[in-house]
Amino acid sequence: MEKISNFTGVGVPFRYSNVDTDQIIPAIYLKRITKTGYEDGLFSTLRQDPDFVLNQEPYKNPSVLVAGSDFGTGSSREHAVWALRDFGFKAVFSPKFADIFRSNCGKQGLVAGVISNSDTTKLWEAMEAQPGVELEVDLPSQTIRLGELEINFEIDEYTKWRLSEGLDDIGITLQNEDKIAEFESRRASWRPKTLPVKGD
Amino acid sequence: MAEKLTLAEKLWRDHLVVKGEDGAPDLIYIDLHLIHEVTSPQAFDGLRLAGRDIRRKDLTIATEDHNTPTKDIHLPIAEPTSAKQVQALRENTEEYGVRIHSLGDKNQGIVHVVGPQLGLTMPGITVVCGDSHTSTHGAFGALAMGIGTSEVEHVLATQTLPLKPFKTMAINVEGSLRPGVSAKDIILAIIAKIGTGGGQGYVLEYRGSAIRELSMEGRMTICNMSIEAGARAGMVAPDETTFEYLKGRPHAPEGKDWDEAMEYWKTLKTDEGAEFDAEVFINADELDPFVTWGTNPGQGVSLLGEVPDPESFEDPSDRESAKQALKYMDLQPGTKMKDISVDTVFLGSCTNSRIEDLRAAAKLIKGKKLAEGLTMMVVPGSQKVRIEAELEGLDKIFKDFGAEWRFAGCSACLGMNPDQVGEFKRAASTSNRNFVGRQGKNARTHLVSPVVAAATAIRGTLSAPSDLED
């Protein structure tokens, strides 16, 4: 994973709350077996509306999505994160994220930062006043900057560290392989095993 | 004196491999990993790229469910991308030596129906799957949660997951359900009460006399929809109902193992005096059948009620979502829920496709006819459920009624396969999500219980079983 520090890009005022992952990418795009190329599925239903924000000229090459509360609810599909990433997004901000979605973001190098409801509204208004304006996202100081506006976002320390270092979770875990093996040596024999196959 | 712990905290303690320090997550051991065709191909590719093997093939099991047809299953899958995805799972499981139950196999079916049916899901274990409805398995007193594809790869490679401890929430459901009211109505009422984000960051523990009185099927229905309240996991402490359901299943412990397990399982309850981070109370005595009117599972109301006026919501974003929802659902505020006509009825999904669900619906429709102009599809949760239902003659009841009797799979719950609700059509669905476009483009979904689905199929309008008595 690429190391993330700070970056600047076009911000999108995304005035929707309760955006489930079915809306981010419908199930029909989940039939693929690849891990890239999901940009065509991103908000595919909403994008059929010519007035939809991502269809407007200033937002054609966006990097930062600022959404309403409860973003990424529902299905665990990581495709939602892949679609945002493949479309060009590097960060998503919302007052509240669904747990699985936020965890998926952290695995794919997409910054998911929590900001307050009032800061969300401030950002929306500032971006709408200058459509296509660029925001600066500074991960080390957990700050979003837009002109005079300076807004702090929350991200858990560990995810921040992993994103900043570009570290792969599996590699980190395998440093504890001896402890996993030790745990397994104590695993009770009644605990489930799928093999050998039992029953008819 | 020992520390007083909730059920979820006990399971966390007993699966802790490494305690995280300096803000790092804990490393939690995974007892059972279920996989399916949609969220696994990229995880296998990741393993292959890194040259890693699966750590515990003997704790991993695969089935085909999301993207599979529910009729003509003897023919090759018609849609090329679906066929390719199912083929990828078959090739991956063969290459890595993972047990798989493919289309046509008796144990093929929705992954959350298959695990419990095989006796692999049991109290006191951790279960994960690349599917948010993995919370279903919490009904056994297991810590079970949905994960993303990167986490699927992580579990395949390490049999563990780095996780931050959850907060705990008690959902106390006291009292007794009235006739015609079921587990689905309890969970829809809970979600309407706490909202789709109310459980975010929590493990829910469903407690109280109304939960204790439920069968395992009913408890699975409730835990299944924990994610619809934003909670990654939901659970019920195991009791005699749990043990009785499990005993004798193919992979349930036997002999000395069973005795040892029982000794442990009996300790799996929240200690007297343990504190939850949050508590919610629901009175089961007062519950009516519950249905949704909007486009998220929290937008629900008593079937005796009416479509709410968006202006009645205090929160501006709730007001806006209600407005958008009513527009999509083509509903007017003040319309009585029972006056809403539907075009189709779907009985199925990991929420309500178990034998008890099919029996409850069949009992109501027996000897009756599907309302004119309606269609109905019955999709058993697994091949085994289908066979069991056929042995009981339920298939004949459904077919005589005018419903289609299908093979097992996720089907119209998410409409990945050809089973979709038509455009601008209205469905009464026993599934778990009424999201925009979920059951097909512009499809309008009302979430209902199996008996409400059955009564609705008879009358053509959203109906309670008690409406059939008039």
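The values are calculated or read from the model by the stated rules, or taken from the named source; none is laboratory data. Owing to the predicted nature of the structure, the values given are computational and were not obtained by experimental measurement. With ideal geometry, Cβ positions are generated from the backbone for all residues, glycine too; neighbour counts draw on all protein chains shown. These accessible areas exclude ligands, DNA and RNA; they are computed on the full protein's heavy atoms, side chains included. Shrake-Rupley method; radii C 1.70, N 1.55, O 1.52, S 1.80 Å.
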Any residue in region B:279-297 that is on the phi > 0 side of the Ramachandran plot sitting within a Cβ distance under 6 Å of a residue that is modelled with pLDDT under 95 and surrounded by fewer than 21 Cβ atoms within 10 Å (Cβ to Cβ)? List the pairs, counting only those 6 or more apart or interchain. none
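In region B:126-172, which residue that is of a type in the set (A, V, I, L, M, F, W, C) and touching a Pro at 6+ places or on another chain (Cβ under 6 Å) is surrounded by the fewest Cβ atoms within 10 Å (Cβ to Cβ)?
B:LEU163
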For region A:86-96, state whether one or more residues are at pLDDT 95 or above and in a helix (DSSP H, G or I). yes
Where A:SER69 falls short, out of the listed (1) open to solvent by less than 10 Å² (accessible area, probe 1.4 Å); (2) within 14 Å of chain B (Cβ to nearest Cβ); (3) within 26 Å of A:SER118 (Cα to Cα); (4) touching a Pro at 6+ places or on another chain (Cβ under 8 Å): (1)
Of all residues being in a loop (DSSP other than H, G, I, E, B) and in contact (Cβ under 8 Å) with a residue 60 or more places away in the chain in region B:22-45, which is surrounded by the fewest Cβ atoms within 10 Å (Cβ to Cβ)? Just the residue, please. B:ALA24
Quick check, is B:ARG52 out of contact with any Pro (no Cβ under 6 Å at 6 or more places or on another chain), in contact (Cβ under 8 Å) with a residue 12 or more places away in the chain, open to solvent by 20 Å² or more (accessible area, probe 1.4 Å) and not in a strand (DSSP E or B)? yes
Inter-residue pairs, beta-carbon under 6 Å, first under 25 Å from B:PRO418 (Cα atoms) and in a loop (DSSP other than H, G, I, E, B) and in region A:11-29, second open to solvent by 10 Å² or more (accessible area, probe 1.4 Å) and of a type outside the set (Ser, Thr, Tyr), 6+ apart: A:PRO26/B:GLY437
Just wondering, is there one or more residues in region A:108-120 that are touching a Leu at 6+ places or on another chain (Cβ under 7 Å), within 24 Å of A:SER44 (Cβ to Cβ) and assigned to a loop (DSSP other than H, G, I, E, B)? yes
All positions within region B:55-83 that are assigned to a helix (DSSP H, G or I) and either more than 12 Å from chain A (Cβ to nearest Cβ) or within 21 Å of A:SER75 (Cβ to Cβ) (or both): B:THR81, B:SER82
Of the residues in region A:8-59, those that are away from chain B (no Cβ under 14 Å), under 21 Å from A:GLU125 (Cα atoms) and surrounded by 13 or more Cβ atoms within 10 Å (Cβ to Cβ) come to A:THR8, A:GLY9, A:VAL10, A:GLY11, A:VAL12, A:PRO13, A:VAL53, A:LEU54, A:ASN55, A:GLN56, A:PRO58, A:TYR59
Go through region B:88-124 and give me each residue that's out of contact with any Phe, Trp or Tyr (no Cβ under 6 Å at 6 or more places or on another chain), part of a helix (DSSP H, G or I), within 11 Å of another protein chain (Cβ to nearest Cβ) and farther than 19 Å from B:HIS137 by Cα. B:ALA88, B:LEU89, B:GLU91
Restricting attention to region B:66-85, does a residue exist that is without any contact (Cβ under 8 Å) to a residue 24 or more places away in the chain and of a type in the set (D, E, K, R)? yes
Look at region B:171-197 and say how many of its residues are at pLDDT 95 or above and under 24 Å from A:ASN18 (Cα atoms). 12
If you go through region A:137-152 one residue at a time, do you hit one that is in a helix (DSSP H, G or I) and under 19 Å from A:ALA91 (Cα atoms)? no
Can you say whether B:ASP339 is surrounded by fewer than 18 Cβ atoms within 10 Å (Cβ to Cβ) and in contact with a Ser or Thr (Cβ under 8 Å, 6 or more places away or on another chain), as far as the supplied structure shows? yes
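So which residues in region A:153-200 are farther than 30 Å from A:ASN6 by Cα and either of a type in the set (Asp, Glu) or not in a loop (DSSP other than H, G, I, E, B) (or both)?
Selection gives A:GLU177, A:ASP178, A:LYS179, A:ILE180, A:ALA181, A:GLU182, A:PHE183, A:GLU184, A:SER185, A:ASP200.
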